[in-house]
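The values are calculated or read from the model by the stated rules, or taken from the named source; none is laboratory data. Because the structure is a prediction, the values reported are computed rather than measured. Neighbour counts are summed over all protein chains in view; Cβ atoms, including those assigned to glycine, are modelled from backbone coordinates with ideal geometry. When the accessible area is computed, the model is the full protein with side chains, heavy atoms only, and any ligands, DNA or RNA have been set aside. Shrake-Rupley method; radii C 1.70, N 1.55, O 1.52, S 1.80 Å.
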Amino acid sequence: LLVGIILGQASLGLYAVAFSITSLPLLVLHGVGAALLPRMAVRSNVESVRMLRRWVAASIGIDVAIVVALQLVLGPAIRLAFGSAFVPAIATARILVLAWAFLAFRRVLTAAAQAQGRAKAASIAEFTRVSPASSASCFASTRMTGTPPLARLMAMPEPIVPAPRTAA
């Protein structure tokens, strides 16, 4: 929504294409986190930590494999699926796939913290995951348009929310 408001409809279309291609790490590692939480919750602390180490190593391997694979196929996939008009979305997609990979990995760690009864650590992890995503989105949008989002927002000729109409 903010991309459309701040950058306009064309940039929103490019962002939507980039997001649709790059969200695979989120899907996969959210599933890993969902599977990990109940399995760790029923184990002792020692067994839980051992299990966490195995799952973290596996999650890193899965995440890296997905990122490498997506980086290799991003360009051809966007050209094939959406056409040459969406080639500018490739640079944004390359940045977003990295951001989603970090965010997705954090979900595995959050599930582990929840399973160990460390709700405060899980909440902090979930709260701090917003920063890398917003930073990556700002960087990606700057690459698409050549202007930082705040500068575009300040230069808007009209307010984002239209003024209410008055009855005549």
Within the set of pairs 6 or more residues apart or between chains, which connect a residue that is touching a residue at least 40 places away in the same chain (Cβ under 8 Å) inside the stretch 45-67 to a residue that is open to solvent by 80 Å² or more (accessible area, probe 1.4 Å) and in a helix (DSSP H, G or I) with Cβ atoms less than 7 Å apart? V67/L98
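Matching residues to (1) open to solvent by 80 Å² or more (accessible area, probe 1.4 Å); (2) assigned to a helix (DSSP H, G or I); (3) under 11 Å from V97 (Cα atoms); (4) in contact with a Gly (Cβ under 6 Å, 6 or more places away or on another chain):
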{"site": "P25", "(1), (2), (3), (4)": "no, yes, yes, no"}
{"site": "G31", "(1), (2), (3), (4)": "no, yes, no, no"}
{"site": "M40", "(1), (2), (3), (4)": "no, yes, no, no"}
{"site": "R43", "(1), (2), (3), (4)": "yes, no, no, no"}
{"site": "S48", "(1), (2), (3), (4)": "no, yes, no, no"}
{"site": "R54", "(1), (2), (3), (4)": "yes, yes, no, no"}
{"site": "S59", "(1), (2), (3), (4)": "no, yes, no, no"}
{"site": "A65", "(1), (2), (3), (4)": "no, yes, no, no"}
{"site": "A69", "(1), (2), (3), (4)": "no, yes, yes, no"}
Failed condition for V28, given (1) in contact with a Lys or Arg (Cβ under 9 Å, 6 or more places away or on another chain); (2) over 13 Å from A112 (Cβ atoms): (1)
